[in-house]
Amino acid sequence: MLPALKITNVSHSFGQRKALDDVDLTLQRGEYCSLLGLNGAGKTTLFSLITRLYDNVSGSIEVMGHDVRRAPTKALQHLGVVFQSRTVDIDLTVMQNLTYHAALQGMPASLGRQRAMEELERIGLSDRAHDKVRNLSGGQARRVEIARALVHRPSLLLLDEPTIGLDVGSRLDIQNHVRRLMKEDGLGVLWATHLMDEVGENDTVVVLHRGKVLASGPTKDVIRQAGDKDITQAFTMLTDEKVQEVAA
């Protein structure tokens, strides 16, 4: 099977500052990967390259076997994205936000409405379909963004710090919903976060620090390799520059 996402030897710089340094990452359909890194680690830059907001000039990025530079339209058709910044139009209704996205994906209006309602039912917001987004809570608006990202039935879902600004209950609700989607739809999920408690013990975890991948693999393996008891301690050890200097 083709991986949902394959990133090979990708680097990216802003002037003299290297934001990503020879990054490799492979994600299968039905796999949940936590991209763990502090603010400034390069997570958003990586997402921007995958989604073609930036052009990757080194290495390759493939979505379902389609290179994002050589075949961007085909690659992006397989991609759903929830950006860190809110991107729903708060003055449109929930349904209008979803059907507008469906239209951009080339769907007939009737199919767009059908898909939109199906996704709203899955997130428990079908009764709010005709409410303006500005009248929803922060957690509800985030769920609308996830529903919108899935209207066109992608194979890969990217989420960049999707729980920023949400309370603990809403954060957990969003995480549980995305994990259910992964199982139900066979989605490949790349969840970028700096919050250690969002990394599940059965996830794949990729530790990104200062643009470099320091560790990757099942969460339990990364913890074991770091010689620690939990992901927080393992992350601290891996990213401690004094420890790395001694090891070198």
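Using a 10 Å Cβ count of at most 10 others and DSSP loop calls, identify the longest part of the chain lacking such trypsin sites (Lys or Arg not before Pro).
Result for the longest clean stretch: 71-228.
If you wrap a convex hull around the alpha carbons of region 152-205, what volume per residue comes out, as a whole number of Å³?
On the way: hull volume 4.8 nm³, N = 54.
Per-residue hull volume (Cα only) is 90 Å³.
Give the Kirkwood hydrodynamic radius (Å, one decimal) of region 1-46, defined as one over the mean of 1/r across all pairs of different Cα atoms. Could the numbers behind the result be given before it?
Numbers: mean 1/r = 0.0843 Å⁻¹.
Averaging 1/r across every pair of different Cα atoms and inverting gives 11.9 Å.
Which ³J(HN,Hα) values in Hz, rounded to whole numbers, follow from the phi angles of region 104-116 under the Karplus curve 6.51 cos²θ - 1.76 cosθ + 1.60, where θ = phi - 60° and Gly and Pro get x?
Per-residue couplings from phi come out as 5, 7, x, 7, x, 4, 5, 5, x, 5, 5, 5, 4 Hz.
Would you mind working out the magnitude of the charge dipole of region 1-92 relative to its Cα centre, with +1 at each Lys and Arg C-beta and -1 at each Asp and Glu C-beta, to the nearest 20 Debye? Present the calculation step by step, with values, prior to reporting the outcome.
Values: 10 positive and 9 negative charges, 19 e Å.
Here region 1-92 has a charge dipole of around 100 debye.
Cut-off is 10 Å between beta-carbons; in what order do 5, 136, 150 appear when sorted fewest neighbours first? Kindly include the intermediate steps, with their values, before the conclusion.
Values: 5 27, 136 18, 150 23.
Neighbour counts put them in this order, fewest first: 136, 150, 5.
Can you compute 3J(HN,Hα) from phi for each residue in region 118-125, using the Karplus curve 6.51 cos²θ - 1.76 cosθ + 1.60 with θ = phi - 60°, rounded to whole Hz and x for Gly and Pro?
4, 5, 5, 5, 5, 9, x, 10
Be a star and scan region 100-129 for residues whose amide nitrogen sits under 18 Å from the point 7 Å along the Cα-to-Cβ vector of residue 86.
Flagged as within label range: 125, 128-129.
So if we plug the beta-carbon distance of residue 71 and residue 202 into 1/(1 + (r/R0)^6) with R0 = 41 Å, what FRET efficiency do we get, rounded to 0.05? Display every interim value, and only then the final one.
Working: r = 33 Å, r/R0 = 0.80.
Using R0 = 41 Å, I get an efficiency of 0.80.
Given an 8 Å cut-off on Cα distances and at least 6 residues of separation, report the relative contact order of region 88-153 as a percent.
Values: 73 pairs, mean separation 30.7, N = 66.
Over region 88-153, the number comes to 46 percent.
I need the phi-derived Karplus couplings for region 149-155: 6.51 cos²θ - 1.76 cosθ + 1.60, θ = phi - 60°, integer Hz, Gly and Pro marked x.
Using θ = phi - 60°, the values come out as 5, 9, 4, 8, 6, x, 9 Hz.
Can you compute the charge dipole magnitude of the chain about its Cα centre, using +1 on each Lys and Arg Cβ and -1 on each Asp and Glu Cβ, nothing else charged? Give it in debye, rounded to the nearest 20. Can you show the working numbers first?
Details: 30 positive and 31 negative charges, 118 e Å.
The dipole magnitude comes to about 560 debye.
In Å, the Kirkwood hydrodynamic radius of region 88-153 over pairs of distinct alpha carbons? Kindly include the intermediate steps, with their values, before the conclusion.
On the way: mean 1/r = 0.0891 Å⁻¹.
Radius from the Kirkwood sum: 11.2 Å.
Quick note: the coordinates plus some simple rules give every number you see, no bench work behind them. Worth saying up front: this structure is predicted, and the values here are computed from it rather than measured. No Cβ is skipped: glycine too gets one built from the backbone with ideal geometry, and neighbour counts run over all protein chains shown.
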